[in-house]
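Below is one structure, written out as structure tokens; comments come after it.
The values are calculated or read from the model by the stated rules, or taken from the named source; none is laboratory data. Everything numeric in this text was worked out from a predicted model, so none of it was measured. For neighbour counting, all protein chains shown are included, and Cβ atoms are generated from backbone atoms with ideal geometry for every residue, glycine included.
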Amino acid sequence: MFLLLIFFFFLIFLFSVAVYYLFLSRYRELGKLGLTIVSTSLVLLWIGLTAFLLTAFGIYRFDRVIYSITFFASIGLASFLRYRSLGLREKFSVLEIGKKELLFLVLFSLFSFYLYAGFPTQYIDGGRDQGQYTIFGYVIAKTGGFNLDVPDSGLIRNIFGNSVLLDYQAISLDPREGIDRRFPAFFHLLPAYLAVGYDLFGMYGLFGINSVFGFLSVFLFYLVVRKLSSPLVASAALVLYVLNVSQLWNIRSTLSEPISQFLILFTAYLLQTFFKTKNTFLMSSIGTIFGISCLLRIDGFTYFPALALYSVYLVIVSPKYFKNFLFFFLSFSLVSVIAAIYSHYRSVMYIEAHWAYVKLLIISFFFSVSFVLVEGVALKKMPTTLEDLRAWLKNRKKALRIITYIFIISLIGFIYLIRSDFVNELSNTKTADNKEVNFLLAFFWYVPFWLFIFLPFSFDLFLFRKKGIRTSFLFFVGSLLLFLYLLDPKIHPDHFWLTRRWVIISIPFAILGSFLGIQSIPVLKQKWKTSILVLGFLSGLTYTIWRSNLIFFRPMMGAYLEGYERFSGSLPADEGIYFTTKRSIASPLRYMYGRNIFLIQNSLEFLNKVPKLLKLGKKVYVIQNGDFSGYKSNLKFSKVVNLDLKGKFPIESVYKFPEFLYHKNLDLQVFKIETSDKIPLGERIEMIWNPANGGFLSKVGKIEEDGTISATRHRGPLVYGPFLTLPGGKYELQFIGKNFQNAEFDVVYNQGSDRLLESQKGTEDNSKTLLFEVKLPIVDDLEFRVFVEGKSGVKIDKISLKRIPQ
């Protein structure tokens, strides 16, 4: 039955695409390839909006999505057949590109889809956005909505008080509801799409939903660039765009940015194609499509200033098309207002968490809308004044070009030379960990600087040449977001995380703008431009592959799904209540694997209150990395099973490009807690780790095949982890390796905020022994850290810990 439903879905999908194709065939501006891509994209958007609306009402089901697209496609076909004399042209559109181009584009798009879908990131981690989106998509598919209820919340609060949290990362208590209700963060369109992906192909369908948007974006990107340049330029830009490590990383992850990128490219293509149309309904429809961005991400509201600048450009350069833009802008504004109202009621905690940013968005919204409306009035009331202004600017086009170049170069110079030092000075930053990154240098890790220097020349194409007017929308959105997110990408716990902002359009725009800029260099002859283009492409391709080689044909966190499923199947079948301090596993285990689990905020207070829960006859389990042996209480801890998650992941660093993969492994143990008649004595605790496989992390080290960690040319934490839970006592910690005289060692806990042992310099070459004492009854997140300078030659082979008998 399930396979039949899947088959029916794809049958209806193709039927809907065919109906859209017939309807859109009336527009002569669209070629055959454009018709196919637009029709497919519209059906895909309708599927997402249907899933979104069903989710909003808590009635999502996959069959209802199928019924919806079937119903509207049938209505569309019936209407078309009734009015076919008005809708169908005598001949269908011609192919807008050559057959060899089409062959290249199809083959390369299939290769890109393989790169996107064939190596997904199994980010089942409740501590980061990718994992939270995954959880929300799964919950929608299973329950029909955001049913995040936790039925035992009252019991847990009454017994444990504030020592146990009642919410999870990005899943908060709803202040307007009872204690059992939870409120999801983020906007809801992506989770709805993920639910559709899950219903189609399970977890792999969920992980791969962005690859569909990435696949369509390949065609849209090529067609947009192709209308501005030659097949050579379009092909060169496309290859670097697809193979870019940021593009690969973000599309392989369950993040909303790839869909935002798709919506911008789709809107740019439609506006480029229908720029001269006088069909106000068509322009309003395109604005509605672009407005979907505001249902997807809060960043969608940042487009208003770009549209306001775009409107100024149209008023000055091409006022006869301002009316078209006005319908586009008003429909975009209407959808954004609807999205804002929905977010106010359904994503209130997310809005409150970003309130400072939201206030700026509100100001920019009112300013942009007012500005555009004033332009419309001025265009109608003062046409002569505007005509004089256009004439004045036209006579000074050469000076304006020079001013534009100076402004762009000055802005880039500010970002490169001044901005990070200025921010550091203002914030009085002293430590390396808190210094502001030079984001332009970081951006060059994704777009080669020798291509980026040609980007300003493309501004001349978009602003001062008639050929670029059709695509000026992409210029204003792309350039504004490029400079905005170079000034401040907003988030940067690690570098691939930071590129989430850049991949929306900044990196694609910089790539296509660089190649278009080469073609737009003044005074140079065409043969020199072609030579620079070929040389830039070959060097850029080499650089891009070098950067992307880290993840090219490697799935990240490749055994997480298998590890979770194996773990869930090995847990006791009783209705136990689980507790942990690990945010990364709490929400996946609750919402994806059905375990009644809560987050511990204070382990000591929690353990003191566990007997109250046991007296009620509840089965109690704790999931930690460590050992409770010798914890002085009347509790007995019996090990039940291990949670072993394995997978590789790029080193999470902000200050340098991730050059290596580390083992993002989780090695946790499940203990059953029971009451005991006697207080346990200090039992033996002894642990031995291979550093790469024992839950240790590294920001500057290279993971060797045997699991050892070697220092590279960078300075920083070579090893930190494994985030242990340990009872009080005296311990001996030993590192085995080489060149330890070039390293420093310390011991911390509570996420590094409390120190058990001050930093010590290594004195021997091959080993280092540390003695420390845990004076509290129990500590969480205990870390053993090793710091190195660049080119230190330090290597860590083994780490061991044992409790010293008293």
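For the range 216-237, a residue qualifies if it is more than 17 Å from the chain's Cα centre (by Cα) and under 30 Å from Ile124 (Cβ atoms), and the qualifying residues are Leu216, Val218.
Hey, could you check the range 558-589 for residues that are touching a Lys or Arg at 6+ places or on another chain (Cβ under 6 Å) and surrounded by 15 or more Cβ atoms within 10 Å (Cβ to Cβ) and say which is farthest from Glu674 (Cα to Cα)? By that ranking, first place goes to Ala559. The sole residue among Ile507, Ile551, Ile469, Ile521 that is within 15 Å of Pro448 (Cβ to Cβ), touching a residue at least 60 places away in the same chain (Cβ under 8 Å) and β-branched (Val, Ile, Thr) is Ile507.
With respect to Ser539, determine if the residue is outside the structural domain of Ser368 (by TED's automatic domain parsing), of a type in the set (Ser, Thr, Tyr) and either touching a strand residue (DSSP E or B) at 6+ places or on another chain (Cβ under 8 Å) or buried (at least 22 other Cβ atoms within 10 Å of the Cβ) (or both). So Ser539 fails the test.
How do the helices (runs of 4 or more DSSP H) wholly within the range 446-492 filter down when requiring 1 or more residues that are in contact with a Lys or Arg (Cβ under 8 Å, 6 or more places away or on another chain) and either farther than 24 Å from Gly540 by Cα or not charged (D, E, K, R) (or both): which remain? Outline the logic, then answer.
Values: elements: 449-452, 455-464, 472-487.
Result: 455-464, 472-487.
Quick check, is Gly300 in contact with a Phe, Trp or Tyr (Cβ under 6 Å, 6 or more places away or on another chain), closer than 30 Å to Ala185 by Cα and part of a helix (DSSP H, G or I)? Spelling it out, it is not the case that Gly300 is in contact with a Phe, Trp or Tyr (Cβ under 6 Å, 6 or more places away or on another chain), closer than 30 Å to Ala185 by Cα and part of a helix (DSSP H, G or I). With respect to the stated conditions, Phe9 is within 17 Å of Phe201 (Cβ to Cβ), in a helix (DSSP H, G or I) and not basic (Lys, Arg). Pairs meeting the criteria (first residue in the range 767-779 and without any contact (Cβ under 8 Å) to a residue 40 or more places away in the chain, second residue of a type in the set (Gly, Ala, Ser) and crowded, with 19+ Cβ neighbours inside 10 Å, beta carbons under 9 Å, at least 6 apart or on different chains) are Ser767/Gly737; Lys768/Gly737; Lys768/Ala743; Lys768/Gly762.
Looking at Arg501, is it under 18 Å from the mean Cα position of the chain (by Cα), basic (Lys, Arg) and part of a helix (DSSP H, G or I)? Considered against the rule, which asks whether it is under 18 Å from the mean Cα position of the chain (by Cα), basic (Lys, Arg) and part of a helix (DSSP H, G or I), Arg501 comes out as yes. Checked against (1) buried (at least 21 other Cβ atoms within 10 Å of the Cβ); (2) more than 24 Å from His188 (Cα to Cα), Leu232 meets all criteria but (1).
List pairs: first residue in the range 142-155 and touching a residue at least 40 places away in the same chain (Cβ under 8 Å), second residue surrounded by 14 or more Cβ atoms within 10 Å (Cβ to Cβ) and among the small types (Gly, Ala, Ser) anywhere in the structure, Cβ distance under 7 angstrom, at least six positions apart or on different chains. Pairs that qualify, where the first residue is touching a residue at least 40 places away in the same chain (Cβ under 8 Å) and the partner is surrounded by 14 or more Cβ atoms within 10 Å (Cβ to Cβ) and among the small types (Gly, Ala, Ser): there are none. Of the residues making up the range 25-45, those that are at pLDDT below 95 and over 20 Å from Leu105 (Cβ atoms) number 4. Of all the residues in the range 44-84, those that are among the hydroxyl-bearing types (Ser, Thr, Tyr) and not in a helix (DSSP H, G or I) number 2. Condition first: over 26 Å from the mean Cα position of the chain (by Cα) and in a helix (DSSP H, G or I). Can you find one or more residues in the range 337-356 that meet it? Looking for residues that are over 26 Å from the mean Cα position of the chain (by Cα) and in a helix (DSSP H, G or I), one finds none in the range 337-356, hence no.
Give the range 737-777 a look and list any residue that's in a strand (DSSP E or B) and among the charged types (D, E, K, R), or say none. Result: Lys738, Glu744, Asp746, Asp754, Arg755, Glu758, Lys761, Lys768, Glu773, Lys775.
If you check Phe509, Phe475, Phe515, Phe483 for being surrounded by fewer than 21 Cβ atoms within 10 Å (Cβ to Cβ) and aromatic (Phe, Trp, Tyr), only one passes: Phe483. Say whether the condition of being touching a helix residue (DSSP H, G or I) at 6+ places or on another chain (Cβ under 6 Å) and not polar (S, T, N, Q) is met by at least one residue in the range 738-761. Checked against the condition, which is being touching a helix residue (DSSP H, G or I) at 6+ places or on another chain (Cβ under 6 Å) and not polar (S, T, N, Q), the range 738-761 yields no hits at all.
Please go through the range 247-282 and give me each residue that is more than 20 Å from the chain's Cα centre (by Cα) and among the polar types (S, T, N, Q), ordered by number. Break it down into steps so the answer makes sense when it comes.
If we filter the range 247-282 for residues that are more than 20 Å from the chain's Cα centre (by Cα), which is where we start, we get 267-282.
Those that are more than 20 Å from the chain's Cα centre (by Cα) and among the polar types (S, T, N, Q): Thr267, Gln272, Thr273, Thr277, Asn279, Thr280.
Restricting attention to the range 788-806, the residues being farther than 30 Å from Leu607 by Cα and surrounded by fewer than 21 Cβ atoms within 10 Å (Cβ to Cβ) number 6. When the residues of the range 121-171 are filtered to those that are part of a helix (DSSP H, G or I) and among the polar types (S, T, N, Q), which remaining residue is farthest from Leu550 (Cα to Cα)? Ranking the qualifying residues of the range 121-171, first place goes to Asn158. No other residue among Thr769, Thr763 is of a type in the set (Val, Ile, Thr), out of contact with any strand residue (DSSP E or B) (no Cβ under 7 Å at 6 or more places or on another chain) and surrounded by fewer than 20 Cβ atoms within 10 Å (Cβ to Cβ) apart from Thr763.
If the condition is being buried (at least 19 other Cβ atoms within 10 Å of the Cβ) and of a type in the set (S, T, N, Q), then the range 112-151 contributes Ser112, Thr121, Gln122, Gln130, Gln132, Thr134.
Candidates are the residues of the range 614-654 that are outside any strand (DSSP E or B), surrounded by fewer than 20 Cβ atoms within 10 Å (Cβ to Cβ) and of a type in the set (A, V, I, L, M, F, W, C); the one that is farthest from the chain's Cα centre (by Cα) is Leu616.
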